[in-house]
Amino acid sequence: MFFTDHLCRSVFLPKPPRRIISLVPSQTELLVDLGLEEQIVGVTRFCVRPSQLRKSKTIVGGTKNYRFDVIEGLEPDLIIGNKEENDQEGIERLAKIYPVWMSDIFDLNDSLLMIADFGRITGTEIKASEIVAQIETSLAQGTPYKGTCVYLIWDNPKMTVGKNTFIDSMLALAGFENLIQTERYPEIGEEELIRLSPNFVLLSSEPFPFREKHRKAFQKILPESRILLVDGEMFSWYGSRLLYAMDYFNRL
């Protein structure tokens, strides 16, 4: 069958895939939750959920660089990637040889569409529909407004999250008002942070692993703001990890 991915590319699969490589951590976890762990043959070194997967599956590289010889040896019948998280040149090289299905996620609706698409591609429509319904029920309750925020993903240079990103849509669901109005992931200086004076500064656990020493440093710069170390997976993983997001948001 032909399947259309989120980049409007047509991907042909002659039969349900049995040798899948996932190049995206959140999508790897989703495949497992769809009951497809046995069909996964390769993952990235960042695919940390479930924790045992990197020991039982072949590591094919990172999300930006791939061990093409290892991938060739695995003989995948489907490779799953994401436009933002994966390297375009590497993906295009793989797509010349293998079926490569790409997601492109900006908000919750894109995430739910991706989960449903996974179900159709892999023959797990029933389980995918269950996960979508559970996420919709969980997130429908919403969470009270918490205040303004700036969400940081990198320290040197300091990089934050702006509009037209999945994280921005999750911040709104979590009850935060994102003060960064430019798109994507702009850099920010200390003077701009002070000028914005957010109620909250959220320091993500990924991709840069902010720690307590960073929290204390930001607290000195912004003594009136609440500086929180937050679980980046809850704001940026757009697969089945969404099942746990609202409970986490309500505890912040």
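Here, each number is a calculation from the coordinates, and none is a lab measurement. A quick note: this is a predicted structure, and the numbers were derived from the prediction, not measured. Glycine gets a Cβ as well: all are built from the backbone with ideal geometry, and neighbour counts include every protein chain shown.
What to note about this one:
- Couplings for region 154-161, taken from phi via the Karplus curve 6.51 cos²θ - 1.76 cosθ + 1.60 with θ = phi - 60°, read 8, 9, 9, x, 5, 10, 10, 10 Hz in order; Gly and Pro are left as x.
- Each residue of region 169-182 was assigned a 3J(HN,Hα) from its phi angle through the Karplus expression (A = 6.51, B = -1.76, C = 1.60, θ = phi - 60°), giving 5, 6, 4, 4, 4, 7, x, 9, 9, 6, 7, 7, 9, 6 Hz with x at Gly and Pro.
- Relative compactness, the chain, computed as alpha-carbon Rg over 2.2 N^0.38 Å: 1.05
- Counted residue by residue at 0.36 nm each, then reduced by the alpha carbon distance between them, the extension gain from Ser138 to Phe68 reaches 21.2 nm.
- Taking the Cα atoms of region 111-244, the ratio Rg/Rh between the radius of gyration and the Kirkwood radius comes to 1.04.
- Extent along principal axes [Cα atoms of region 44-150; Å; largest to smallest]: 50, 37, 28
- Based on alpha carbons, the Rg and Dmax found for region 62-104 are 9.6, 28 Å.
- A straight Cα-to-Cα reach below 18 Å connects Lys158 with the lysines Lys213, Lys216, Lys220, residues fewer than 8 places away in its own chain not being considered.
- Considering only the chain, percent of DSSP beta bridges that pair antiparallel, nearest 5: 25 percent
- Placing a label point 7 Å from the Cα of Glu192 along the Cα-to-Cβ direction, no residue of region 96-134 has a backbone N closer than 13 Å.
- Backbone N under 15 Å from the Arg226 label point (7 Å along Cα→Cβ), restricted to region 142-168: 143-151
- In this label model, Glu125 and Asp247 are separated by 3.1 nm, measuring between points 7 Å along each Cα→Cβ vector.
- Estimated distance in nm for a label pair at Thr148 and Gln181, the labels positioned 7 Å out from Cα along Cα-to-Cβ: 1.1 nm
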